[in-house]
Every structure is written in C-alpha cells, then in structure tokens.
1. Going through region 49-97 one residue at a time, which ones are farther than 21 Å from PRO108 by Cβ, touching a residue at least 24 places away in the same chain (Cβ under 8 Å) and of a type in the set (Gly, Ala, Ser)?
2. Going by what's in this entry, would GLU65 be described as part of a loop (DSSP other than H, G, I, E, B) and out of contact with any Lys or Arg (no Cβ under 8 Å at 6 or more places or on another chain)?
3. Taking GLY119, is it at pLDDT below 95, small (Gly, Ala, Ser) and surrounded by 14 or more Cβ atoms within 10 Å (Cβ to Cβ)?
4. Taking THR58 as the residue in question, decide whether it is surrounded by fewer than 19 Cβ atoms within 10 Å (Cβ to Cβ) and closer than 17 Å to VAL26 by Cα.
5. Report the residue count in region 70-83 for those that are surrounded by fewer than 19 Cβ atoms within 10 Å (Cβ to Cβ) and assigned to a strand (DSSP E or B).
6. Do you know which of the residues in region 89-109 that are modelled with pLDDT under 95 and of a type in the set (Asp, Glu) is least open to solvent (accessible area, probe 1.4 Å)?
7. Scan region 122-149 residue by residue and report those that are open to solvent by 20 Å² or more (accessible area, probe 1.4 Å), over 15 Å from ASN86 (Cβ atoms) and not in a loop (DSSP other than H, G, I, E, B).
Amino acid sequence: EFVPPTLEIRSIGDGPGIVPSTGMNVVKTTYSTQTNFTVPTSIPGINISGLNLTIKPTATDSVIEIKFNLFAEADEPNICFRITRNIDGTDVLVVPASNEWEGAIQVPYHDGQANNTPGVYPIVWYDEPNTTSAVTYKLWAGSSWSSDTKDLYVNRTYTLPGQAHHETGVSTAIAIEYPKTA
C-alpha cells in the first residue's frame, strides 16, 4: 500500500518578525548592461557596480545571505571574485587577502577556448556585519595571476552579440537578512 510522505515544519523563537520567505527585508537587483572589464591584479579588483546591494539590518545579531548570479564569460582563467562590505564609507573584504591569489570566493570555469558559451557563476556568502546601519555589499573581479590582467565579459559573450555566439543575459543579486533569534 502506498503512503504519501508528510513533512511538519516548526518555527522556534520570537525574533523581530522577519520572515525571509515572505520577502521582508530582502534587497535585490537586476543588471542587464552588456559590458566587458579588464580585470586587474590589484585587490579587490574591479567593482561590478550594477550588482551593488545595500541592506539595513534590523538586528545586530543578523546573518546576511548575499547571492550573486553573474552571467558572464571569462576570456582567460585566473579570474577570481571577492565581496566587500561597506558600513562607514570604506570597502572591507569579507575574506581578508594580502595577495592577489588570496580571498577568492568564486572562480569562473574556463575551458581554454575563446569561443565559450557564457555561464551563470553563482557566488554566495554569509556575513555577520554586527550593525543596524546600512551595509553595502559589492562584487569585485580580480586577476589571481600577478603578471597579467584578464578580460571578463558580463551579460554577453566573448564575441560581440550576433557574431559567432549570440547569447546575452542578465545578472542578479540579492541580500536576505536572517536574525539569529528568528
């Protein structure tokens, strides 16, 4: 005899009323500009400013989930992504790095071909800013190879749309607050 599965979900705690699944205190953005960047070896790199997010946490004990879905193509390997938080006007890496090959949160796949199809690079991080002030999160692209800059094509292919490859796309970003007491 077939018995359908059941699932019971219980919520524990009395947090400040933030229920992320209902869309409260969620900040998101969509970036569709087709562009390319010359990615430097400097830290943190070059800001993909169309994906900057600013969220104002409601509690100092909140965890902020930051998700970027970057539609892009890397012309070369050795590109890495970093995230900064800015609370008081200064960008601070969420993962400290003193060299260009440190602190990478994600590295795009590259198959060695100049005629790749773009992919969506999922970049996820959880941060505890310990503040109720506005926090701006920024995504940066940098070269982890100290002797050379790299090229990154955002929302488009390595070749221009309409040439050998046609794909263009949209990149997105979202920040969601999860108070620890919720």
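1. Listed by number, the residues that qualify are ALA59, SER62.
2. no
3. Details: at pLDDT below 95: yes; small (Gly, Ala, Ser): yes; surrounded by 14 or more Cβ atoms within 10 Å (Cβ to Cβ): yes.
Taking the combined requirement at face value, the residue satisfies it.
4. yes
5. 0
6. The extreme case among them is GLU100.
7. Listed by number, the residues that qualify are PRO122, VAL124, TYR126.
The values are calculated or read from the model by the stated rules, or taken from the named source; none is laboratory data. These numbers come from a predicted model, not from an experiment. As a convention, Cβ positions derive from the backbone with ideal geometry for all residues, glycine included, and neighbour counts pool all protein chains shown. Keep in mind that these areas ignore ligands, DNA and RNA; they rest on the heavy atoms of the full protein, side chains included. Shrake-Rupley method; radii C 1.70, N 1.55, O 1.52, S 1.80 Å.
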